[in-house]
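Inspection log for the structure reproduced underneath, given as structure tokens.
The values are calculated or read from the model by the stated rules, or taken from the named source; none is laboratory data. Computed from a predicted structure; not experimentally measured. Note that each Cβ is placed from the backbone with ideal geometry, even for glycine, and that neighbours are counted across all protein chains shown.
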Amino acid sequence: MNHYANKKNAAESMLDVALLMANASQLKAVLDQGPNFSFYTPIITLISISLCLQVTVGILLIFIVRWNLNDEQKHWRLNIMENLATGLVFIIVVVNIFITAFGVHRPNRSS
């Protein structure tokens, strides 16, 4: 059981890192466009929220992986942490849907 949970959390961590990199790229694209971009402030706010939540989920996953699942006294705590991580991941997905809806585009650079 512990082996399965560790693999699941490792996969979640890798997805979290991939999304973190995508958000960093989106933030760079918005900053490159500058304040003239019509949704500049809302996009930066949403990306910042997403990044903070991703770091929080990453920290939660580190704690979840480090604790022994076989210790029954920690089951309730691990259950709460896993539910919290799942809820935060859902919020991250919703925030990133809004980021995508606002349409972050790289500026056109002509030579």
Reported set for the stretch 40-67 where residues are under 17 Å from VAL89 (Cβ atoms) and either among the hydroxyl-bearing types (Ser, Thr, Tyr) or not in a helix (DSSP H, G or I) (or both) is SER50, THR56
Per the filter on the stretch 81-100, residues under 13 Å from the mean Cα position of the chain (by Cα) and under 10 Å from ILE47 (Cα atoms) are ILE92, VAL95, ASN96, ILE99
Any residue at all in the stretch 31-39 that's surrounded by 14 or more Cβ atoms within 10 Å (Cβ to Cβ), modelled with pLDDT under 85 and in a helix (DSSP H, G or I)? yes
In the stretch 48-106, anything closer than 13 Å to LEU19 by Cα and hydroxyl-bearing (Ser, Thr, Tyr) is listed as SER48, SER50, THR100
Output for Cβ contacts, cut-off 9 Å, separation at least six or different chains, first residue surrounded by 11 or more Cβ atoms within 10 Å (Cβ to Cβ) in the stretch 70-83, second of a type in the set (A, V, I, L, M, F, W, C) and outside any helix (DSSP H, G or I), reads LYS74/TRP67; HIS75/LEU69; ARG77/TRP67; LEU78/TRP67; LEU78/LEU69; MET81/TRP67
Of the residues in the stretch 50-64, those that are surrounded by 17 or more Cβ atoms within 10 Å (Cβ to Cβ) and of a type in the set (Val, Ile, Thr) come to VAL57, ILE64
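What's the total number of residues in the stretch 25-61 that are β-branched (Val, Ile, Thr) and free of Cβ contacts under 8 Å to residues at least 40 places away in the same chain?
We begin by selecting, within the stretch 25-61, every residue β-branched (Val, Ile, Thr); these are 30, 41, 43-45, 47, 49, 55-57, 59.
Of the ones still in play, those that are also free of Cβ contacts under 8 Å to residues at least 40 places away in the same chain are 41, 44-45, 55-56, 59.
Matching residues across the stretch 25-61 total 6.
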Filtering the stretch 18-30 down to residues that are crowded, with 17+ Cβ neighbours inside 10 Å and more than 14 Å from the chain's Cα centre (by Cα) yields VAL30
